[in-house]
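Before any comments, here is the structure.
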Amino acid sequence: MGDLPVLSLLLLMPTAALGLIVILPRTSKLAIKVVSAVSALLTVLLAAEVWWLYDVDGPQYQLQQIVPWLADFGISYHLGVDGPAVLMTLLNALVFLTGTLSMWTLQERVKEYFAFMVTLVIGVFGVFVSLDIFFFFFFYELAVLPMYPLIAVWGSSNKEYAAMKLTLFLMAGSALLFVGLLALYWSSGLRTFDLVALGQHAFDRSFQVAIYPMIYVGFGILAGMFPLHSWSPTGHVAAPTAVSMLHAGVLMKLGAFGIFRIAITLLPEGAKAWADTFAILATVNIVYGAFVALRQTDFKFVIGFSSVSHMGIVLLGLNVLSADGLNGAVFQMFAHGAMTALFFSSVGFIYDQTHCRDIGRFGGLAKQIPIASAFFIIAGLSGMGVPGFASFWAELLVFVGAVRGYPLLGVFAIAGLVISALFMLRVYLRAFFGPPNPEWNQLKEVSAWGALPRAILVCVLLIFGFYPRLALRLIGPTTSLLLRRF
Amino acid sequence: MPQLPMTDLTLFLPEIALLSGALCCFIASVADRSYASVWALGTLSAIAALVCSCLTLTFQGEPFAPGIYRIDLFSQFLKLGISGGLWLVQMLSRDDSSLRRFGRLELPFFLLLSGVGMMILVSATELLTLYVGLELAAYGLYISVALRRSLAIAGEAAAKYLLFGAASSAITLYGISLIYGASGTTYLASVVVDGSSLLLLTGFLLMLAGFLFKLALFPFHFWAPDLYQAAPHPVAAFVATVSKIAAVGLLARALSLIGATDAPIGEVFAVLSVASMTLGNLAALRQTDLKRLIGYSAVAQAGYVFLGFEALSTRGVAAALFYALSYGVMSHLAFVVVCAVGRSDKDPSLSDLVGLHRRAPLTAFFLLVAMFSLAGIPPTAGFFGKWLLFAAALERGQYALVLIAAINSTVALYYYLQVVRAAYVTPLPADVERPAEPAVGSQLALKTAGWISSAAMLAIGIYPAPLFELAQRAAAVVLR
């Protein structure tokens, strides 16, 4: 299978599924779900194949494929992956699969739902495997827009407001990116959008310092950077289960990935110049997110703000600009993706039955629905950074890097993690333990089919928790190549 | 494919196709008085013109008299757009309700004649010929805008259009006279606007007035929202598509006159561009009438197109040409929905779109593609078009300008999403009994038009290379 364009197949697979979904009549709901699930399963296999084929000791970008697209304008359809991209494609495929399975009970406007969701997935895959700025941005926008209908139609509580707010925030970020990315093109004088070619060009220092914040903030909005994060918790809360999973699990990672792939890679001088500022903001993310989460009474708001806090860890790691920091940041993107998907998947299960997310109205859920509760509790443990889960290593690395680079911020960030343990334990105490609320005595336990997606995610967290080398072997060589630019 | 010989006659083929079609329509509308035959004649002649434009795409020459009328890749590229747009608009008008009672028999004649005028416009290389084309293109429209008599404000809109049109073409004529006075010639080939003569520069800027009027750029946009709202649907569609393409061609031709000069022409264009997009977008935010909303958005879109002209470069003009053609297709698609929803001669408002995804999934899909394309979302042509325009403006280092434009397109996204929201999100109130209109589904012509436009939109968006290269070559030809 050596010569097969695996990465193109990775994009084609969901595209074919989209075509099928569009053709199928809207009444054949099961067929649509099966198409989506099968294509998701195949993308997981393809992502595994990519991982298998990727040689960690090889060159930085592998499995490359270049087709000139618009030679006159320096645009080519250039795909390729480095270590972090391999990891993120795997994550996206997993979240696609588990998200599809989590929405198995959907009955309302199934065809449109899956059409939009698969479009989003195509966009996300595209961003992770593109090595051309035009296509990177193309897929980036393609991934963002389906969020609007997905939240506005299938969401809950204040959904239209949340959907519009999210879209406008993210598009404002895109406005900055438009300018920033095109500036890269003109300023290099190379007349190419190719990331690899641009990576060999040393941009003017003053240019880097001027453009870096534009690209960083443009992507940072999607990564939930403080103070432009407010779209994210409202969006999480309003979105339906699988959309929350995709949104917090992979979509927010696109922002961090963009910073990693474009901003830091192409503008190292700019990154150095702005590292202090953005590290402080990232720390605010961590601490602020945790404090706000402490006060929430809605399950999804708790997770939404904890996402803000955890994405702060990713951003802090990126701004530390050391091997530990970058490795931790990329690992955290992956770990947090799997963990948040598990969070939203378990909350979705509870919400679908009770139509209630008010933590105060629950109690002793662990007695009523032990297995479903276990999934939430495991996600929470992982979020707190308990050893044995993937997040532990990721957070540890970032904090080690942070304490070395910015001792004061590092201490604050670790304090933020302590607070996050506090709010998670508070949720456990109120909702899952203590006296059961008789109102929910007849809750149905999760079925084997329903438990499958959550179990997959738990396995991922545990495998990478007990054997972090799996991920770090992938990430390490890429980040050390990147650090040579500094 | 056998190559046509390049003679004076074959060079003129697209124009001949439209002109003879127009005359046949006229005769049929007097003699036969059956709408079906007049419509069929009009459509046939638009298709014939489209085919002729394709066949003569690579031709070049100056038929009849040198220096007055030029056939080259640039002119034929635009004629392709004009005749294609004309055909698509004809498809819209087949079953249109806004014209049912009055004047629909004459409409194909007026539209074709106006199309001929636009073809002359994009080929003319002499100022008076150009002016004749401008007037010929306008007269047909002045009349057909007024054809919708069931609406009270139709008369007002038609009067506004006529008065603004007359005033701006008077300014253009004055500008032409100044150019003649300064340079002693009306042949564009010998006019170069450089820093040497203030008179020439003034004349040039005044001449642009009539062109900007056609593009509905600030401050010549006042007629646009009224016209979009009150004109018969197909006529508004014609103004929104074909007319725009011709106007962009005209401006590109005008731009070719600019030589080396310190005069701040680019800066003037930049100001007009920003004013136009900001004003259009802000006004569109408040609209509830779908056509009026499209009208204001057209003012904003004209501002985007101007980003390309502001750059005063081949790349910029190519971007503008590319965007003009894609914009023609996307706004046509929006009008497919207008025609489908506004069946009962009522102007479709946003609340008429509610529940469209249930009542008419296909129409709703067309609307989605049209709005996303107008908003510049991939994988539609609008995304690539904006990318080109912004890139062209940035080439001159206009960071602030592009940032303003990009923020503007975020603002615009709000109202485009409002339209999508109405069609897809807002639930149909249970107590309100809505007629389950078949919308696009039952009308073959409309449905075909919608499919063609949306397929073109996605095809151009995913693989823009052929159209872009054509636009690039056309721009290189016109800019000497």
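Every number in this text was worked out from the coordinates using simple rules, so none of it is lab data. What you see is a predicted model; the values in this text were computed from it and never measured. Positions of Cβ are generated from backbone atoms using ideal geometry, with glycine treated the same way; all protein chains shown enter the neighbour counts.
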### Query
Residues with amide H under 5 Å of B:LEU479's amide H, sequence separation 5 or more or different chain, H placed in the peptide plane at 1.01 Å from N; which?
none
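In nm, what is the difference between 0.36 nm times the number of residues separating B:SER37 and B:ALA159 and their Cα-Cα distance? Intermediate results must be reported in sequence, preceding the final value.
Values: separation 122, 0.36 × 122 = 43.92 nm, distance 3.08 nm.
Fully extending the segment from B:SER37 to B:ALA159 adds 40.8 nm.
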### Query
Taking the alpha-carbon centroid of each part, what is the distance from region B:41-55 to region B:75-125 in angstrom?
11
### Message
Could you check the spin-label model distance between B:GLU267 and A:ARG295? Points 7 Å from the Cα along Cα→Cβ, value in nm.
### Response
5.0
### Query
Across region A:467-473, in residue order, what do the Karplus-derived ³J(HN,Hα) couplings come to in whole Hz, using 6.51 cos²θ - 1.76 cosθ + 1.60 with θ = phi - 60° and x for Gly and Pro?
10, x, 4, 3, 7, 5, 5
### Task
Please turn the phi angles of region A:308-320 into ³J(HN,Hα) values with the Karplus equation 6.51 cos²θ - 1.76 cosθ + 1.60 (θ = phi - 60°), one per residue in order, whole Hz, x for glycine and proline.
4, 5, 5, 5, x, 5, 4, 5, 4, x, 5, 7, 5
### Summary
In this structure, the FRET efficiency calculated for B:PHE222 and B:ALA170 from their beta-carbon separation, with R0 = 22 Å, to the nearest 0.05, is 0.85
### Summary
In nm, the gap between the two label points placed 7 Å beyond Cα toward Cβ at A:ALA415 and A:LEU190 is 4.4
### Query
What list of ³J(HN,Hα) values in whole Hz, one per residue of region A:246-261 in order, does the Karplus curve 6.51 cos²θ - 1.76 cosθ + 1.60 (θ = phi - 60°) give from phi, with Gly and Pro shown as x?
5, 5, 7, x, 10, 4, 5, 5, 4, x, 5, 5, x, 4, 5, 6
### Task
Please list, in chain and number order, the residues 5+ apart from B:SER349 or on another chain whose amide H is under 5 Å from its amide H, with Hs placed from the backbone.
B:LEU290
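Nearest 5 is fine: what % of DSSP beta bridges in the protein assembly as shown come out antiparallel, could you say? Don't skip to the end; give the middle numbers.
Details: 13 of 14 bridges.
Roughly 95 percent of the DSSP beta bridges within the protein assembly as shown come out antiparallel.
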### Message
Taking loop as defined by DSSP and a crowding limit of 15 other beta carbons within 10 Å, which trypsin sites (Lys or Arg not before Pro) in region B:289-375 fit?
### Response
B:LYS346
#### Entry: Cβ-defined net charge surrounding B:ALA270, 15 Å radius [Lys, Arg +1; Asp, Glu -1]
-2
### Query
How many nm is it between the label spots at A:LEU422 and B:ARG358, if each spot is 7 Å from the Cα in line with the beta carbon?
4.9
#### Entry: Environment charge at B:ILE71 (Cβ cut-off 11 Å; Lys +1, Arg +1, Asp -1, Glu -1)
-2
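Within 10 Å of each Cβ in peptide A:71-77, how many partner chain Cβ atoms are there on average? Round it to a whole number, please.
Numbers: counts 2, 7, 12, 0, 5, 0, 1.
Average neighbour count from other chains, rounded to a whole number: 4.
Expected output is a single nm value to one decimal: the length gained when fully extending between A:ALA31 and A:TYR467, i.e. 0.36 nm times separation in residues minus the C-alpha distance. What is it? Before the final figure, lay out each step's value.
On the way: separation 436, 0.36 × 436 = 156.96 nm, distance 3.78 nm.
Answer, rounded to one decimal: 153.2 nm.
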### Query
Given H placed 1.01 Å from N in the peptide plane, which residues other than close sequence neighbours of A:GLY385 have an amide H under 5 Å from its amide H?
none
### Query
What is the packing order of peptides A:332-342, A:400-410, taking the mean over residues of other C-beta atoms within 10 Å and listing the highest first?
A:332-342, A:400-410
### Task
Provide the packing ranking of A:442-448, A:19-25, i.e. peptides ordered by the mean count of other C-beta atoms within 10 Å per residue, highest first.
A:19-25, A:442-448
### Message
Given Cβ point charges of +1 (Lys, Arg) and -1 (Asp, Glu) and nothing else, what value in debye, to the nearest 20, does the dipole of region A:6-479 about its Cα centre take?
### Response
1000
### Number of partner chain Cβ atoms within 10 Å, mean per residue of A:150-159
2
### Task
In whole angstrom, note down how far apart the Cα centers of region B:212-281 and region A:37-53 are.
50
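Taking the Cβ of A:VAL35 as the centre, find all other residues whose Cβ is under 15 Å away and add up their charges (Lys, Arg: +1; Asp, Glu: -1).
So the surrounding residues net to +3.
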### Message
How shielded is B:407-413 by partner chains, expressed as the average number of their Cβ atoms within 10 Å of its Cβ atoms?
### Response
5
### Task
Pop the C-beta distance of A:TRP104 and A:ILE23 into the FRET formula with R0 = 22 Å and round what comes out to the nearest 0.05.
0.55
